Structure formats: structure tokens, C-alpha cells
Amino acid sequence: MTKNDRWLVWLFLAPAVVLVAVLMYYPMLGTVIESFYSTSFINPDPKFVGLEVYRRIFSQQEFGQIVVNSLLWTMGVVLLQNVLGFFSALLLNQHLPGQGLMRALVLLPWVLPGVVAAIIWRFMYDPQLGLINSFLISLGVSDTGMAWLADTDTAMLSAIVAAVWKGFPFSTVVFLAALQNVDEEQVEAAIIDGAGPLRRLVDIVLPSIREVAMINLVLTTILTFNYFDMIWVLTRGGPQNATHIFPTKIYDLGFGQFRFGDAAVYGVFSILVLVLLIALYFAIQRSSRPRVARA
């Protein structure tokens, strides 16, 4: 590549680089700077306090609960969403009657706006009129309606179930695209050799879609960790902070209590946690790659 070609490459990249810098990195830098200042509704003028806000936030028991909630929320949704998405993709990849209709129907939860999906599930969880309680009562499992979203033992699980229903079609589409690129000749050869469905899945299908699966894990982790709509509409972080995660806590502190410095600290820490999760994924990916023997 000549010197003129390099300049041409940077010229074409410049608009995207500037756009990313203005829309992403500049606000992130502003958040870091904001975290060194203290504000409140009574004293809206920012006051520089250095690391005092970090020390105060990290010493609170509530901070630890937010971290645990965020990790449980992210791991639960990502795991269930990818498992359900993979098996639904396996089903939709078969030559079944009405295959096109089933593929269209499975996308309905995904195309729904997050707020609309959350409102639907809030009605379904309603203690008096909810479909879930009515179903359990009709089966004789329960005598009275259960307040799923008002109980600290069930609120997070209920939110995870709703988020998995909303997000699994995304993983289904990704896995379905990957499955359609699996080498059919290898599958047919394995059938001729007498390999069963499970053996073909483990030895041929999974290795073929490994890279796509890893990318899907990274994408769903980022989307889930930053998912705000579902929990905020369902519980607003309650009861007793049982479902508060980083996005909802940041919104509550910043726009509910006008404690922008505290919200910035949570924002900075959430970015660090997300970076560590993604780094862990890529470390696992590198360690799982087959090593090529050198002559």
C-alpha cells in the first residue's frame, strides 16, 4: 500500500471516526469527569470532591446489591436466551410444513417495542387479573394470585423470564443464519457413517457455528447489561432494590434524584464491568481455538 493509498483510507474512515468520537467517547469522558463532582436537587451547582463520591458509593451495601443484581440479570437472560434461541433455530431449520409462517411468528416478540412488551408482561403478572395466576389457579397449583413483581424472591426471576421472551428471537435469527451455512456434505457423510443426531450436533454443527455463537454471546451480553425498558416498566427497580440494575439505578439517581455525580460513578463502574465481561468472552474464545502445529 502506497502512502497516497493510506491517506485515502484515513480520508474515508474520518467521518466514522469523528462520529464515534463525538457520540460515544466524548460523552464517556464527560461521565468520568462528572463522577468527580457532587450535585443534588438542593445544591445543583457541581462541587469538585475528587474520589469522595467513589468512596461513599463503594462503601454502601446498596452498591454491592446492584452489582449482584446486574450480574444475575445479565447471565440469566443471556444464558436462557441463547439456549432457547439455539433450539428454536434448530427446529426452524428443519423442513417442516408452515416453516415460513413459524419463522415470521417467532419474530413477533422481538419486533415489539420494549415498553409494550413490558406492559404486556406486567398485566400477565397481575395478582388479580393476570393470565399466569389464572392458569396456575385453574391447574390447582395455587389457591390465590401471587404478586410476582412485588415479592423480592420472584421479582428478578419474573423480569428475566419476560426479557428472555422478548430477546430470544434475536438469537434465533443469528443461530438460524449460522445453521444454514453448515456444510451439508459433512452432515450427509456423518449420516452415512451412522452418526446419530446428537453426535452430528456435537461434532459438526457446534464447531461450525462456534464463531457466530461467540459473537452472539457478546452482542446479547452488551444489549442485556444495558437493557433498561423491561425492568423499569415492570418494577422500577423494586421491591427493596431487588431488581435494580446499573441502567435503572443510573436513571433513578440522575433523573429522579438529580444526583448526577453518583449516577456518573455507577456509569463508570458499569462500563468497567462490561469491558471485563467482553474481555472474558474473547479470552475464552482464544483459548478454545485449535492450535495449528508448526513444522
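Can you compute the helix-only [θ] at 222 nm over the chain? Use -39500 (n - 2.57) per DSSP H run of at least 4 residues, normalise by all residues, nearest 500 deg cm²/dmol. Kindly include the intermediate steps, with their values, before the conclusion.
Values: 15 runs with 193 residues, N = 295.
Taking each H run of at least 4 residues, the total per residue is -20500 deg cm²/dmol.
Using the Kirkwood radius built from alpha carbon pairs, what does the Stokes-Einstein equation give as D for region 184-295 at 10 °C and 1.306 mPa s, in µm² per second?
Details: Rh = 17.7 Å.
Diffusion coefficient, whole number: 90 µm²/s.
Ranking Leu129, Leu136 by Cβ neighbours within 10 Å, fewest first, what do you get? List each step's numbers first, then the result.
Details: Leu129 10, Leu136 16.
With the sparsest Cβ surroundings first, the list reads Leu129, Leu136.
Could you please rank Val187, Val202, placing first whichever residue has the fewest other Cβ atoms within 10 Å of its Cβ?
On the way: Val187 16, Val202 11.
Placing the least packed residue first, the sequence is Val202, Val187.
Could you work out the mean projected area of the convex hull around the alpha carbons of the chain, in square nanometres to one decimal?
Numbers: hull surface 99.8 nm².
Average projection, Cα convex hull of the chain: 25.0 nm².
Collect residues whose amide H, placed 1.01 Å from N in the peptide plane, falls under 5 Å from the amide H of Tyr37; neighbours closer than 5 in sequence don't count.
So Tyr37 has HN proximity to Val49.
Region 10-58: which chymotrypsin sites (Phe, Trp or Tyr not before Pro) are DSSP loop and have at most 10 other beta-carbon atoms within 10 angstrom?
Numbers: sites: Trp10, Phe12, Tyr25, Phe36, Tyr37, Phe41, Phe48, Tyr54, Phe58; in loops: Phe36, Phe41.
Answer by residue number: Phe41.
Taking a quarter of the surface of the Cα convex hull of region 1-142, what do you get in nm²? If you can, show how the numbers build up before the last one.
Working: hull surface 76.7 nm².
Across all orientations, region 1-142 yields a mean hull projection of 19.2 nm².
Bear in mind these aren't lab numbers, they're just calculated from the coordinates by the rules spelled out. Here the structure is a predicted model, which means the values were calculated and not measured. Positions of Cβ are generated from backbone atoms using ideal geometry, with glycine treated the same way; all protein chains shown enter the neighbour counts.
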